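Structure, as structure tokens:
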Amino acid sequence: MSAATLTADSAAKSVDDVRIPLRGHLRHTGALIRRNLLWIRQDPESMADALLMPVIFTLLFVFVFGGSIGQALGGGQDQYVQYVIPGMIAMMSMTLSQGVGTGFSQDFNSGVMDRFRSLPIGRGSVLFAKISVELMRMLFATTVLMLVSVAVGFDITNWPGLFATVALATAFASSIMWVFLTLGVVMKSAQSVQAMGFLVLFPLQFGSSIFAPTTSMPGWLQTFTDYNPLSTLADAARGLMVGGPVAHDLWVTIGWSVAITAVMAPVAIHKFRTKS
């Protein structure tokens with residue numbers, strides 16, 4: 001097949017993609033969401049991280065670090081539980097977002113994405129379906145986290161604040177997933193995506209106010225935490241769930257979510273369409 005023919009085919013596919021109406025995109029997205037959910041049903045082990053991660057991290061930080069950090073907060077372990085659980089919701093939103101990139105890379109390497117791109121379906125539908133299912137996994141993990149947190153002594157006194165926190169974490173997670181989708185497209189293996197994700201997640205999570213107050217950190221690190229979206233998400237979650245200032249951290253987190261989505265969503269879709 002000549003280069004001209006390949007170019008013509010690519011152009012035809014792009015035109016077909018543009019001509020798909022909104023109803024068609026929604027139908028394609030729904031069908032792909034069902035496909036991804038059926039895959040989870042056939043491989044329930046893929047939900048192990050969403051089930052075990054909130055349990056392990058909650059027990060680890062509450063019972064290993066809760067006493068000492070709780071004393072620094074002016075209380076004890078009970079005080080630390082009230083501090084760390086809202087931060088854990090922020091952590092879950094970013095940690096589980098990595099799964100969308102590794103899963104996307106595996107689909108490419110197995111040939112599934114080549115099949116999708118040969119079908120007359122919207123290219124964006126494939127990406128939106130992936131994000132939708134990963135958000136469902138995140139909501140499942142958040143539910144597990146809250147059940148464990150209540151068991152270790154967290155008091156849910158503000159249900160509207162809890163739901164608002166989950167909504168904010170979901171919006172932020174969806175924006176981060178565009179970053180990992182891009183990595184899933186451009187990197188050659190799921191292991192590479194996972195390694196790169198670890199390099200990104202580790203400093204953002206521990207260089208934030210998720211697990212401990214930032215007042216005792218060095219000045220340069222406090223500057224980093226001030227601009228770290230995980231810090232603003234964690235602080236907004238505490239304000240909504242436990243009480244305290246909310247407005248500044250809320251709007252900064254929303255701003256980060258909108259900016260990341262505006263930049264990375266077009267990049268991810270373009271890379272997916274043009275990947276050879």
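Bear in mind these aren't lab numbers, they're just calculated from the coordinates by the rules spelled out. None of these values were measured; they are calculated from a predicted model. Every residue, glycine as well, gets a Cβ built from its backbone with ideal geometry; the counts of neighbours run over all protein chains shown.
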### Task
Please give the FRET efficiency for ASN158 paired with LEU59, using the beta carbon to beta carbon distance and R0 = 30 Å, rounded to the nearest 0.05.
0.80
### Placed amide H near SER209: partners under 5 Å, 5+ positions off or other chain
SER231
### Message
Helix check for the chain. Which DSSP H runs span at least 20 Å along their own axis by Cα, with a mean Kyte-Doolittle hydropathy no less than 1.0?
### Response
123-151, 159-186, 190-206
### Summary
Options (1) 16.8, 56; (2) 17.6, 51; (3) 20.6, 73 for Rg and Dmax of the Cα atoms in Å; the value derived from the coordinates is listed as (3)
### Query
Applying the Karplus parametrisation 6.51 cos²θ - 1.76 cosθ + 1.60 with θ = phi - 60° to the phi angles of the stretch 62-71, what ³J(HN,Hα) value in whole Hz is obtained for each residue in order, glycine and proline being reported as x?
5, 8, 9, 9, x, x, 5, 6, x, 5
### Summary
By the mean-Cβ-within-10 Å protection proxy, highest first, 107-115, 226-234 rank as 226-234, 107-115
### Task
Could you list the residues of the stretch 47-66 with an amide nitrogen less than 15 Å from a label point located 7 Å from the Cα of PHE206 in the Cα-to-C-beta direction?
61, 65
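Normalised by the residues of the chain, what does the relative contact order come to in percent, with Cα pairs under 8 Å and at least six apart?
Relative contact order, the chain: 25 percent.
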#### Entry: Total charge dipole magnitude, the stretch 22-274, about the Cα centre, Cβ charges on Lys, Arg, Asp, Glu only, Debye to nearest 20
1200 debye
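When ranked by the protection proxy of mean other Cβ atoms within 10 Å per residue, highest first, what sequence do the peptides 214-220, 73-79 form?
Ranking, from highest mean packing down: 73-79, 214-220.
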